[in-house]
Amino acid sequence: MLVAQREQAEPAWTPVMGARVLFAPITRTMLRRARRAALEALGVEGADGGEQASPADQMEELGDALSRALIVAGALDWQDVALAAVDQHGATILDDEGDAVYDTLDFTPENLLTVLSDALVFEAFDAAYVIPYVMRERERAAPGKESSPSPNGISTKAMEDPTIAGSPAAPATATDASNARTGCTKPKAIKKKTSGPC
């Protein structure tokens, strides 16, 4: 039986590294747009005339670009996000006790891109928002998932696991069985022809 799931209708607050981010549910439209953006980003990076990346590196870059596009499209607001305050020379400003001073960041598309430029933060956003969606989709698409045994016995649930013996049978000894009767194994006698006239 195919079981359809209703899409999450409302944005939800999600904890990310001590902050809270309001994410919209990922829709098919968002996913299509993110795929296009990821392919475009990969094409632009590959067109700079540099050394061609390996297929494995290209797949990782494509995955990162897809996640980034989904996060940018899905993040709507946040709470408790800050950036270390710096002076005109780029040095972190410290308070009287030697702790870093932080400036609270309002949610804007520009500030979101700034925050995502930090690799650890990007991974945290990805783990909180994109990866759970991907795992749910994989689980739904798994063979035999959400299906009942079919009447003709071809579904994965209808097929039972084969019973396998735990240990081989002990070999038989000569005294365990009597000899079986067989046909005669002696060759038949062939009559000799006599030479000469009959």
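For this structure, a couple of remarks:
- Of all positions in segment 74-83, at least one carries a residue that is at pLDDT below 95, touching a Phe, Trp or Tyr at 6+ places or on another chain (Cβ under 7 Å) and farther than 26 Å from residue 36 by Cβ.
- Restricting 105, 94 to residues that are within 28 Å of residue 23 (Cβ to Cβ) and surrounded by 12 or more Cβ atoms within 10 Å (Cβ to Cβ) narrows the list to 105.
- Cβ-Cβ under 6 Å pairs, at least 6 apart or on other chains, segment 24-39 side touching a residue at least 40 places away in the same chain (Cβ under 8 Å), far side of a type in the set (Gly, Ala, Ser) and part of a helix (DSSP H, G or I): 24/74; 30/73
- Close pairs (7 angstrom Cβ cut-off, 6 or more residues apart or separate chains): more than 22 Å from residue 25 (Cα to Cα) in segment 105-130, modelled with pLDDT under 95 and surrounded by 13 or more Cβ atoms within 10 Å (Cβ to Cβ) anywhere: 105/82; 105/83
- Which listed residue, of 66, 39, 22, is in contact with a strand residue (DSSP E or B) (Cβ under 8 Å, 6 or more places away or on another chain) and either at negative phi or modelled with pLDDT under 90 (or both): 22
- Among residues of segment 57-93 being among the polar types (S, T, N, Q) and over 17 Å from the mean Cα position of the chain (by Cα), the one that is nearest to residue 31 (Cα to Cα) is 79.
The values are calculated or read from the model by the stated rules, or taken from the named source; none is laboratory data. If you're wondering where the values come from, they're calculated on a predicted model, not measured in any experiment. Positions of Cβ are generated from backbone atoms using ideal geometry, with glycine treated the same way; all protein chains shown enter the neighbour counts.
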